[in-house]
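The values are calculated or read from the model by the stated rules, or taken from the named source; none is laboratory data. All figures in this text were calculated on a predicted structure; none of them were measured in a lab. All Cβ positions, even for glycine, are placed from backbone atoms using ideal geometry, and neighbour counts span all protein chains on display.
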Amino acid sequence: MPLPVLPPRRPESHKGDFGRALLIGGSRGMAGAISLAGMAALRSGAGLVTLAVPDACLEVVAGFDPCYMTVALPCDAEGRLNWASQERIAAASRNATCLAMGPGLGRSQDLDRVVAWLYCNLAQPVVVDADGLNSLSANADWLARPAGPRILTPHPGEFRRLLGDQGHRINSEDLPREAIRLAQQHGIVLVLKGHRTLVTDGQRSFYNTTGNPGMSTGGSGDVLTGVIAALVCQGIAPFEAAQLGVFVHGLAGDLAAEQMGQISMTAADLVRHLASAFQRVQRY
């Protein structure tokens, strides 16, 4: 299956031509996750990137990169988004081309409700990762009610939780088949992360060939979330955005491994190598 390509940028282009990404996540102690996603979205070509985060960690998140904007959201005593944040997220999302939610969110009943509301009510494409996936796992009915295009990016453990009670009974070799079934059942795109990451919409399937074990480090999935959201912002359809996103993400990991080896690689190194990865892909 050929990789999708980003079209050349016209000389008269401006930032509004490349979409507005709204990334929702973060909590006290996990500000880095949403920041990595935001930096990855910038490096992947989104025109404007805004991070909607709890007020408790806004300054920390804003300090990672001067190129994205931030929106402060109400939070609980533990520094996690509370239900009151839903109204402000809804307002911030009105101009968004694509949303992403999950990196660094944490877990609470209020967060489950916020994630479910976004998933079931917003018409824009939404990328769901990390604790966003865990929130969807809290109620099987939510997964079946996407209000628009949805790209879910679980690792095997998160995917088993999405499957509910039967998840722990499914053999590892059967997980890809279940991913295809679930994607078809709910009309979503599933990115089942692993040694050969699977991207499927239930009709088409793509197994990624880039990446290495050095990417098995905290924050790697957050980077992928930002990459895919940025590609959707630039007009690539959800399945193709996920396909290209996992390829570029893995290629950035391969380039980082060439420079520093697999042992010392961090998720921040993936962000640093995204530019070279996109340059290589554009030459394919």
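What to note about this one:
- For first residues located in region 136-161 and without any contact (Cβ under 8 Å) to a residue 24 or more places away in the chain, partners that are in a helix (DSSP H, G or I) and lie 6+ apart or on another chain with Cβ distances below 7 Å form the pairs ARG160/GLY167; ARG160/HIS168.
- Residue identified as farther than 18 Å from ASP129 by Cβ and of a type outside the set (Phe, Trp, Tyr) among THR200, THR209: THR209
- Scanning region 245-269 for residues that are within 17 Å of LEU152 (Cβ to Cβ) and either among the hydrophobic types (A, V, I, L, M, F, W, C) or in contact with a His (Cβ under 9 Å, 6 or more places away or on another chain) (or both) yields one hit, VAL246.
- For MET215, the conditions (1) surrounded by 22 or more Cβ atoms within 10 Å (Cβ to Cβ); (2) closer than 29 Å to ASP141 by Cα; (3) more than 15 Å from the chain's Cα centre (by Cα) all hold with the exception of (2).
- Members of region 195-242 found to be under 19 Å from ALA33 (Cα atoms) and part of a loop (DSSP other than H, G, I, E, B), listed by number: SER216, THR217, GLY218, GLY219
- The condition of being small (Gly, Ala, Ser), farther than 24 Å from ALA77 by Cα, surrounded by fewer than 20 Cβ atoms within 10 Å (Cβ to Cβ) and out of contact with any Pro (no Cβ under 9 Å at 6 or more places or on another chain) holds for only one of GLY63, GLY16, GLY29, that being GLY16.
Yes/no matrix, rows are residues, columns are (1) buried (at least 24 other Cβ atoms within 10 Å of the Cβ); (2) touching a residue at least 24 places away in the same chain (Cβ under 8 Å):
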site: LEU36; (1), (2): yes, yes
site: SER44; (1), (2): yes, yes
site: VAL49; (1), (2): yes, yes
site: ALA72; (1), (2): no, no
site: GLU78; (1), (2): no, yes
site: ILE89; (1), (2): no, yes
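- Residue within region 8-31 that is polar (S, T, N, Q) and within 17 Å of the chain's Cα centre (by Cα) present: yes
- Contacts under 8 angstrom Cβ, first residue in region 189-212 being surrounded by 22 or more Cβ atoms within 10 Å (Cβ to Cβ), partner among the acidic types (Asp, Glu), 6 or more apart: VAL189/ASP201; LEU190/ASP201; GLY211/ASP254
- Flag not set for ARG160, criterion: assigned to a helix (DSSP H, G or I), more than 17 Å from the chain's Cα centre (by Cα), of a type in the set (Lys, Arg) and surrounded by fewer than 17 Cβ atoms within 10 Å (Cβ to Cβ).
- Extreme residue, farthest from THR50 (Cα to Cα), among residues of region 93-105 that are out of contact with any Asp or Glu (no Cβ under 6 Å at 6 or more places or on another chain) and surrounded by 19 or more Cβ atoms within 10 Å (Cβ to Cβ): GLY104
- Those residues of region 14-29 which are assigned to a loop (DSSP other than H, G, I, E, B) and at pLDDT 95 or above, in sequence order: GLY19, GLY25, GLY26, SER27, ARG28, GLY29
- Of all the residues in region 110-135, those that are in contact with a strand residue (DSSP E or B) (Cβ under 9 Å, 6 or more places away or on another chain), more than 17 Å from GLY26 (Cα to Cα) and in a helix (DSSP H, G or I) number 1.
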